[in-house]
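Student: What follows is a single structure, and I will ask about it in a moment.
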Amino acid sequence: MSKKFIKQAGNTLILLATFALPVALLIFFREDFKEIEKIIPTTGVAGPLISILLMGVLSATPIPTDPIVILNGAVFGPFVGVLVSWMGNNFAAIIEYFIGKGIAKIADFERQRHNLPFGLGNFPVDSAWYLICGRFVPQFGGKVVSISSGMYHVNFWKYLWTSLVSNLFGSVALAVGGYSILHKFL
């Protein structure tokens, strides 16, 4: 076997494990998912860490982390909720970026990119406007931006600072919103 084949097989296995493990966990714990959300506030100091790790696990699935951000605000208060959510969203963004890089390697995206319809091969994925504002599309915007950034080989440091900025705005809006809903309306 050639080194290229072995490397592609390894990348494929890593990518499958990255998607399969969180999906398998979600299927296994599907009945207990609401219970997991209830466990986070009762774990004390470990609660924020569990929340951050859960957001990282969910980054490899199509399930959005927005409900966890709202829950973080309601449970941990506005300041800690924003901080925990911001760290969790940044952790998830880094994982999604590298998933996109893995997909690009497996699919030989650089070569296939020029054959994409509607000029998508020339889409300005490395634009700061796209990297920041694309994350504000509810539910799936962050995942699309992250995976496409990895696939188009956007400079990691540019990707990271734009993720930090946009995730801060999203975390403030949703975590403070969750805190407000819990303490002002309920």
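Here, each number is a calculation from the coordinates, and none is a lab measurement. Values in this document were obtained by computation on a predicted structure and should not be read as measured data. Don't worry about glycine lacking a Cβ; one is built from the backbone with ideal geometry, like all the others, and counts go over all protein chains shown.
Student: Assuming 0.36 nm per residue, please report the length gained on full extension of the stretch Leu164 to Thr61 beyond their Cα-Cα distance.
Tutor: 35.0 nm
Student: To make sure I understand, if each residue's beta carbon is the centre and we count other beta carbons within 10 Å, what order do Val57, Val154 fall in, fewest to most?
Tutor: Starting with the residue having the fewest Cβ neighbours, the order is Val57, Val154.
Student: Based only on other Cβ atoms within 10 Å, what is the fewest-to-most ordering of Lys105, Lys3?
Tutor: Ranking Lys105, Lys3 by Cβ neighbours within 10 Å, fewest first, gives Lys3, Lys105.
Student: Something else about it: Work out Dmax and Rg for the range 89-186 from the C-alpha atoms and quote the Rg first, both in angstrom.
Tutor: Spelled out, the Cα radius of gyration and Dmax of the range 89-186 are 15.6, 54 Å.
Student: Mind sorting Trp161, Trp86 by how few other Cβ atoms lie within 10 Å of their own Cβ, fewest first?
Tutor: Ordered by Cβ neighbours within 10 Å, fewest first: Trp161, Trp86.
Student: Could you compute the net charge surrounding Tyr152? Neighbours are other residues with a C-beta less than 12 Å from the C-beta of Tyr152; K and R count +1, D and E count -1.
Tutor: The answer is +1.
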